[in-house]
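The block underneath contains the structure these notes are about, expressed in structure tokens.
The values are calculated or read from the model by the stated rules, or taken from the named source; none is laboratory data. As the structure is a prediction and not an experimental result, all values here were calculated from the model. Glycine gets a Cβ as well: all are built from the backbone with ideal geometry, and neighbour counts include every protein chain shown.
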Amino acid sequence: MDVYQLLISGVSQGCVYGLIALGFVLIYKATEMVNFAQGELMMLGAFVAITYVDVLGMPFLPGVLAAMATMGLIGVLLERLLLRPMIGEPHFAVLMLTIGLGFILRAVAGAIWGSSPRPLGVPYAGQVISVGELVVSIESLAIVGGTVVLCAALYGFFRFTRLGIAMQAASQNQLAAYYVGIPVKRIYGLVWALSAVVATVAGVLAAPVTLVDPLMGFIGIKAFAAAIVGGFGSLPGAIIGGLVVGLAEQFAGLYLPPGMADMSAYVILLAMLILRPQGLIASMQRKKV
Amino acid sequence: MSAAGAAASGPGRSLLVAEDIAVSFGGVRAVKDLSFTVEAGEVFSIVGPNGAGKTTIFNLVSRIYDVDHGRLLLDGDDITRVPRHAVAERGIARTFQNTELFERETVLHNLLIGCHAHRRTGFLSDLLFVPAVRRQELEFRRIAEEVIDLLDLQSYRDQVIGNLPYGVRKMVEVGRALCIRPRLLLLDEPSSGLNPEETEDLAFALEDINQGLGITVVMVEHDMGLVSRASHRVMALADGALLTIGAPAEVQRHPEVLKAYLGD
Amino acid sequence: MRFIRKTRYQQDIALFRHGGQWFWYSLLLVAALAAPLLLDRFYLGELALVFIYAIAGIGLMLLVGYTGLVSLGHAGFLAIGAYAHAWLLGQGWPFPLAIGSAAALSAAVGAAIALPATRMTGIYLAVATLAFAVIVEQVIIHWASVTGGFRGMVVPAAAWLGVDLGGPAAFYVLCLALLLLCLLLALNLLRSPSGRAMTAVRDSELSAESMGVHLVRTKTLAFALSAGFTGVAGALFAHKIGYLAPDAFTLQLSILLLLMVVVGGLGSLHGVIYGALFIGLLPQVLAVVRDSVPPAIAQLPGLEPGVFGLILVLVLIYEPLGIYGRWCKVRAYFDAFPLYRRATYKRQKQYLRTERLH
């Protein structure tokens, strides 16, 4: 039974990692920039949701949707102010920029909401369903369910809408995209908005399990490992990577001495980088000369 | 070897021999069972429409790609599988179609890196900058200055590559390759993007390199004027396969070559 | 504008290009050596910390600025140097041997990291180094018999041949001396084939290999040397903080070191010095500003990293060449006065073209 419990926690934690990883991969696929502040976006999204739902007293679903919309706007703003001047700069510089952004967001969140952990009032808090001897919390189910819904929505978006196809075009060859009339800069803003929205969903879903505080974003580093494990250029890979890391962490806690479980995400990451650097779902890179 | 491949060659030994080399990328067969010989001391041009596999051959010889099958011999030594960084030591230098220079450094710095194949000091001596390292630096500088004189790059010596005009960059890339003191120089479209005056300078430089320094040159070119003027022999390719090898005039009249370029 | 007439190749190889440079740097050295006589112990301590950061910065700059390999985990090498040195001193080893061995150990670990790392590029490498730093931290925590785990470890006093190196003036001179030594080694490296190989790897791996540069060997060397220099800084850092604990070597410290090389100016040793001054003195400046700012802001827990983040972002957007880059532009302005054109340094528009195949 223990194993099933671990499986459930592993999958739900893995989904949280996967959602944040999804945000990473979205931005990377579109702009070839890595956003190290993705975890902080999640944290900010959760705090904004708290403001709408708990502080302003909005009902849950509208409050969450409002938070998603707000964060979408913030995503566009961040892209316009900080990332737009960095187009074409070496990847390392953008990485550093987003690291700095993460610090700033943490400080701002601490200033506005304080640094003590707060809960988010979800309507399904504490509820469980029992399947035989198994006790599954609705929160975990919500995480998994939410992830599935979001992934399906994103798949449909990229596959079937013009905007999604335009995003793919802009990610492959900016100049060509300009020539065919795609407003590349606006697309980038939208990609960031989308990424922020995904991060908000992750934050809202994860909030009941891990309380919300400014340091919540550090989970982003493990999510980054998940994205790499899955293969950095691949959206389904992000989720798969997240699940791998989430499950490995739970089972490592069972079989390894205490404290080591925390390291497992990094060990998997290093193993992956050494053995199969392109990740589980490869996105190949080769420079043509 | 096909009849076309056995036709015409000068006296002297074969420097580069390709035996039945082939390579595919995905489903595309870029080079199909190609054989040719480059004689020591000659200027050998490779011509053909785009997609014929010309740059791919360079990439195979300088070991950026691996052949699927076949052999490459340099002066009798099998170089089909040598590691990429060993190519310069063996005396093969190349330039790239879209110049791959070290953009953030000066022209002189780029040329000095070209001398890297000749280094004899290890990192420990470098750290302490022992007199042997100092002497080696002076020697490298001398080599670089000779190349600068050959190619007339004096006024650009201390300028950063990023600021230089296109024609000069192409010359710097040739210069960097020359600092290796190669036996075999592979030039990938050296005249592309050059104006007629610069192409003239290039032609003279080629003469100096080939006849003055005795370096064997293999050149991928589209400018048939330059090819006729500067080469001893020409190899025509289309779709990765050999059409003909011979003197420039013959090749330009060859029916298969005309068909490949102009259609039926 | 100064035009230097060169008649010998030696002039280009030499460390100082012309008499003026000799003069100003000597003056700087004299000022640095005179500091113990003029400044009180607090400022000497701060300057010593600046020197320690600079030594670590030389290591990081060699890796990031000159070889183009990003490391987000350099605090790990700092930790290895610190703990190794402290432990060896505790075992009774003489001071120079302890610090040399700590640096060598750090370099060996750096070389070991390089083995897998050389196959990774850019972002993957950065994350791998991050993972490395986390693993080092865990090793420190769990290997309590040597490192004291969470409880920490006292750093034995610095002394050699009866001379106490721990006092403010002595420690200051020790740090200065080691900094000058490291600078000299780094400058030697950069004007030799090894250093050129590293910049070649940074600018174009493909053509570097075509020139005969052995990629794996060069990257491994870069990692090893970088780790070695940082190990030396770590040993000195141990003496500075006096008591070692795992939470002294966090991700934040790694980011701080990276901030140093970026803000200082990537790709030059001048940048290291400017950057070290920046991060060494910034906490003091913040402390002063805190007093004059309303308490609501001053008491914020995340203020210091927040300010670091803000500065990092501003520097990357508005002056990517860093402090040294800005200084070069200022100097160019006065050199070319009144003909200076801002367009000289204008960044060209760049368009992204992916090198991924799908």
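Out of contact with any Pro (no Cβ under 8 Å at 6 or more places or on another chain) and at the interface with chain B (Cβ under 10 Å from one of its Cβ atoms) - does that describe any residue in segment C:147-167? No, there is no match, as no residue in segment C:147-167 is out of contact with any Pro (no Cβ under 8 Å at 6 or more places or on another chain) and at the interface with chain B (Cβ under 10 Å from one of its Cβ atoms). Selection within segment C:1-35: residues that are more than 14 Å from every other protein chain (Cβ to nearest Cβ) and under 21 Å from the mean Cα position of the chain (by Cα). The member of this set that is farthest from C:Phe337 (Cα to Cα) is C:Ala32. Taking only pairs six or more apart or across chains, which ones have beta-carbon atoms under 8 Å, a first residue in segment C:310-333 that is in contact (Cβ under 8 Å) with a residue 40 or more places away in the chain and farther than 13 Å from C:Gly267 by Cα, and a second residue that is part of a helix (DSSP H, G or I) and among the hydroxyl-bearing types (Ser, Thr, Tyr)? The qualifying pairs are C:Trp327/C:Tyr274. Here is the figure for segment C:210-265: residues that are over 29 Å from A:Phe103 (Cα atoms), touching a residue at least 40 places away in the same chain (Cβ under 8 Å) and among the hydroxyl-bearing types (Ser, Thr, Tyr) total 2.
For segment C:223-245, the tally of residues that are modelled with pLDDT under 90 and in a helix (DSSP H, G or I) stands at 0.
So which of B:Phe140, B:Phe58 is farther than 28 Å from C:Arg191 by Cβ and in contact with a Leu (Cβ under 7 Å, 6 or more places away or on another chain)?
On the way: B:Phe140 fails: farther than 28 Å from C:Arg191 by Cβ.
Step by step, each of B:Phe140, B:Phe58 is checked, and only B:Phe58 is farther than 28 Å from C:Arg191 by Cβ and in contact with a Leu (Cβ under 7 Å, 6 or more places away or on another chain).
Quick check, is B:Gly193 assigned to a helix (DSSP H, G or I), in contact with a Lys or Arg (Cβ under 9 Å, 6 or more places away or on another chain) and surrounded by fewer than 17 Cβ atoms within 10 Å (Cβ to Cβ)? Please lay out each step first, then the result.
Numbers: assigned to a helix (DSSP H, G or I): no; in contact with a Lys or Arg (Cβ under 9 Å, 6 or more places away or on another chain): yes; surrounded by fewer than 17 Cβ atoms within 10 Å (Cβ to Cβ): yes.
No; evaluated as a whole, the condition is false for this residue.
Looking only at residues in segment B:148-165 that are touching a Leu at 6+ places or on another chain (Cβ under 8 Å) and surrounded by fewer than 20 Cβ atoms within 10 Å (Cβ to Cβ), the one that is farthest from B:Phe204 (Cα to Cα) is B:Asp158.
Can you find, within segment C:122-148, the residue that is modelled with the lowest pLDDT among those that are within 21 Å of the chain's Cα centre (by Cα) and more than 18 Å from A:Ala271 (Cβ to Cβ)? Among them, the one singled out is C:Gly122.
Filtering segment B:217-231 for residues that are more than 14 Å from B:Leu150 (Cα to Cα), within 17 Å of the chain's Cα centre (by Cα) and small (Gly, Ala, Ser) leaves a non-empty set. The set of residues from segment A:204-235 being more than 9 Å from chain C (Cβ to nearest Cβ), closer than 29 Å to A:Leu61 by Cα and not aliphatic (A, V, I, L, M) comprises A:Pro208, A:Thr210, A:Asp213, A:Gly217, A:Gly220, A:Lys222.
Evaluate the following for A:Gly145: is it surrounded by fewer than 16 Cβ atoms within 10 Å (Cβ to Cβ) and among the small types (Gly, Ala, Ser)? Spelling it out, A:Gly145 is indeed surrounded by fewer than 16 Cβ atoms within 10 Å (Cβ to Cβ) and among the small types (Gly, Ala, Ser). Name every residue in segment B:45-96 that is without any contact (Cβ under 8 Å) to a residue 12 or more places away in the chain and touching a Phe, Trp or Tyr at 6+ places or on another chain (Cβ under 9 Å), in order of residue number. The one that is without any contact (Cβ under 8 Å) to a residue 12 or more places away in the chain and touching a Phe, Trp or Tyr at 6+ places or on another chain (Cβ under 9 Å): B:Asn59.
Could you tell me which residue of segment A:64-95 is farthest from A:Val34 (Cα to Cα), considering only residues that are β-branched (Val, Ile, Thr) and either assigned to a helix (DSSP H, G or I) or more than 14 Å from every other protein chain (Cβ to nearest Cβ) (or both)?
Residues of segment A:64-95 β-branched (Val, Ile, Thr): A:64, A:70, A:74, A:76, A:87, A:94.
Filter once more, keeping what is either assigned to a helix (DSSP H, G or I) or more than 14 Å from every other protein chain (Cβ to nearest Cβ) (or both): A:64, A:70, A:74, A:76, A:94.
Details: A:Val64: 26, A:Thr70: 22, A:Ile74: 18, A:Val76: 16, A:Val94: 7 Å.
Looking at the filtered set, the residue picked out is A:Val64.
With respect to being within 16 Å of the chain's Cα centre (by Cα) and in a helix (DSSP H, G or I), C:Ile52 fits the description. Here B:Gln252 passes the criteria (1) assigned to a helix (DSSP H, G or I); (2) touching a His at 6+ places or on another chain (Cβ under 9 Å) except the one numbered (2).
Can you name every residue in segment C:192-236 that is among the basic types (Lys, Arg) and at the interface with chain B (Cβ under 7 Å from one of its Cβ atoms)? I'd like the intermediate steps shown before the answer.
Here is the first cut: in segment C:192-236, the ones among the basic types (Lys, Arg) are C:196, C:202, C:217, C:219.
Hit for segment C:192-236 is C:Arg196, nothing else.
The set of residues from segment C:279-295 being in contact (Cβ under 8 Å) with a residue 24 or more places away in the chain and out of contact with any Phe, Trp or Tyr (no Cβ under 9 Å at 6 or more places or on another chain) comprises C:Leu281, C:Gln284. A residue that is away from chain A (no Cβ under 13 Å), among the polar types (S, T, N, Q) and either in a loop (DSSP other than H, G, I, E, B) or farther than 24 Å from C:Gly195 by Cβ (or both) cannot be found anywhere in segment C:294-307.
Of the residues making up segment C:36-70, those that are within 14 Å of another protein chain (Cβ to nearest Cβ) and hydroxyl-bearing (Ser, Thr, Tyr) are C:Tyr66, C:Thr67.
Against the test of being more than 14 Å from chain C (Cβ to nearest Cβ) and touching a residue at least 24 places away in the same chain (Cβ under 8 Å), the options A:Val128, A:Val136 yield a single qualifying residue, A:Val136. Annotation note: of B:Pro165, B:Pro182, B:Pro131, the sole residue that is free of Cβ contacts under 8 Å to residues at least 12 places away in the same chain and more than 30 Å from A:Pro90 (Cα to Cα) is B:Pro131. Per the conditions (1) surrounded by fewer than 22 Cβ atoms within 10 Å (Cβ to Cβ); (2) under 16 Å from B:Arg90 (Cα atoms), the sole criterion not satisfied by B:Val217 is (1). Taking every residue in segment B:187-202 that is touching a residue at least 12 places away in the same chain (Cβ under 8 Å) and pairing it with any residue that is of a type in the set (Ser, Thr, Tyr) and not in a helix (DSSP H, G or I), at least 6 positions away or on another chain, the pairs with Cβ-Cβ distances below 9 Å are B:Leu187/B:Thr95; B:Asp188/B:Thr95; B:Glu189/B:Thr95; B:Pro190/B:Thr95; B:Glu198/B:Ser191; B:Thr199/B:Ser191; B:Leu202/B:Ser191. Please tell me if C:Arg217 is in a helix (DSSP H, G or I) and farther than 30 Å from A:Phe36 by Cβ. Taking the combined requirement at face value, the residue satisfies it.
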